[in-house]
Amino acid sequence: MYLLVLAGNLLILVTVAGNRHLYTLPMYFFLGNLSFIDICHATVTGPKMLWDLLAAEKTISFGGCMAQPFFLHLSACAEIFVLTVMAYDRYIAICRPLQYPNLMHHLRCAGLVGGLWVGATIHSLAQVGLVLRLPYCGPNIIDNFFCDVPPIIKLACTDSYQTGVLIVSNSGTISLTCFLALLGSYLAILVSIWGRGAAGRSKALSTCAAHWAVVVLFFGPCIFIYTRPATSFSLDKVVSLFYTLVTPVLNPVIYTLRNQEIQGSMWKLWRRGIFSWGE
């Protein structure tokens, strides 16, 4: 699964970066950033989980256990923000096409990407800061495949209810707010395209359906885990694996399966590579 994450998302990254036309289009610029984030997201937990599957003792240092949730929340929050930005991009492209070149020029897109990384870093520092302020002097076995904020705070030697509420408020607010913003964007798009011709409506619906599938697959597990109090369910481990490894595998498939422009660029890149190798 991890190798598929690397292969699929690296293919999209190389395709977008190797095609100047695609790179200048906001949709594909954001798609390239999404692929980079997916690689980072899966790499935070994937290699360590693979190592633990082969190791007799599944251990991690305290520093490593604090680093995992930091980079996990950094990449997850960045993905939430980039998906929201992509929805806004589609809303402007479909609902306000005449203003699209002025509103979504390359400099603004680069600024949005830089801003989302700054916001994700602040969120991640806040999450790990709340975890580090708790004392740990008792059990040291985490009931998960990797270190994450909810299972870590259960090991604290003090009442962690207030910390749990703050963590849920932080992560839950971001997840729900961005999800509602995404929902609003796509509803506005559906209303806008309802009266258009069949060809334009079909193309817009196809694009939005792919984006919405990614949104549901990623936001569903995040909302399930991070918008409720620190209670454990047997399903938590499966859900954690789903949004850290399964969703990053599906993203390249969903975005390229029905996207002829990406497929055409991949084919051109492949042919160029073969001919260059032959020379």
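The values are calculated or read from the model by the stated rules, or taken from the named source; none is laboratory data. All values reported here derive from a predicted model rather than from experimental measurement. Note that each Cβ is placed from the backbone with ideal geometry, even for glycine, and that neighbours are counted across all protein chains shown. Accessible surface is based on the protein model in full, side chains and every heavy atom, while ligands, DNA and RNA are left aside. Shrake-Rupley method; radii C 1.70, N 1.55, O 1.52, S 1.80 Å.
Could you tell me which residue of region 197-209 is modelled with the highest pLDDT, considering only residues that are of a type outside the set (Ser, Thr, Tyr) and buried (at least 17 other Cβ atoms within 10 Å of the Cβ)? Full working, then the answer.
Step one: of region 197-209, the residues of a type outside the set (Ser, Thr, Tyr) are 197-201, 203-205, 208-209.
Now drop any that are not buried (at least 17 other Cβ atoms within 10 Å of the Cβ), which leaves 204, 208.
Numbers: 204: 65, 208: 70.
Among residues in region 197-209 that are of a type outside the set (Ser, Thr, Tyr) and buried (at least 17 other Cβ atoms within 10 Å of the Cβ), the one modelled with the highest pLDDT is 208.
Inside region 239-264, can you point out the residues that are open to solvent by 30 Å² or more (accessible area, probe 1.4 Å) and either at pLDDT 75 or above or under 11 Å from the mean Cα position of the chain (by Cα) (or both)?
241, 242, 246, 250, 253, 254
In this structure, does residue 182 turn out to be in a helix (DSSP H, G or I), at pLDDT 80 or above, open to solvent by less than 40 Å² (accessible area, probe 1.4 Å) and not β-branched (Val, Ile, Thr)? Can you show your working first?
Working: in a helix (DSSP H, G or I): yes; at pLDDT 80 or above: yes; open to solvent by less than 40 Å² (accessible area, probe 1.4 Å): yes; not β-branched (Val, Ile, Thr): yes.
So residue 182 fits the description; yes.
Do you know which of the residues in region 13-26 that are of a type in the set (A, V, I, L, M, F, W, C) and closer than 19 Å to residue 117 by Cβ is least open to solvent (accessible area, probe 1.4 Å)?
Here the answer is 16.
When the residues of region 44-80 are narrowed to those that are in a helix (DSSP H, G or I) and out of contact with any helix residue (DSSP H, G or I) (no Cβ under 9 Å at 6 or more places or on another chain), which ends up surrounded by the most Cβ atoms within 10 Å (Cβ to Cβ)?
From region 44-80, those in a helix (DSSP H, G or I) are 44-54, 62-80; that's our starting set.
From the residues that got through so far, the ones that are out of contact with any helix residue (DSSP H, G or I) (no Cβ under 9 Å at 6 or more places or on another chain) too are 51-54, 62-63.
Working: 51: 11, 52: 15, 53: 9, 54: 7, 62: 10, 63: 8.
The selected residue is 52.
Could you identify the single residue in 60, 37 that is within 20 Å of residue 175 (Cα to Cα) and either over 17 Å from the mean Cα position of the chain (by Cα) or modelled with pLDDT of 90 or more (or both)? So that I can check it myself, show each step before the final result.
Details: 60 fails: within 20 Å of residue 175 (Cα to Cα).
One residue alone meets the criteria, 37.
Among the residues of region 1-11, is any surrounded by fewer than 20 Cβ atoms within 10 Å (Cβ to Cβ) and within 15 Å of residue 262 (Cα to Cα)? Let's see the steps before the verdict.
So the first thing to find is which residues in region 1-11 are surrounded by fewer than 20 Cβ atoms within 10 Å (Cβ to Cβ), and the list is 1-4, 6-7, 10-11.
In the following step, the residues that additionally are within 15 Å of residue 262 (Cα to Cα) were identified as 10-11.
Yes; the residues of region 1-11 include at least one that is surrounded by fewer than 20 Cβ atoms within 10 Å (Cβ to Cβ) and within 15 Å of residue 262 (Cα to Cα).
Checking the conditions here, which among 217, 269 is more than 30 Å from residue 159 (Cβ to Cβ) and either loosely packed, with under 12 Cβ neighbours inside 10 Å or at pLDDT below 70 (or both)?
On the way: 217 fails: either loosely packed, with under 12 Cβ neighbours inside 10 Å or at pLDDT below 70 (or both).
Answer to the check: 269.
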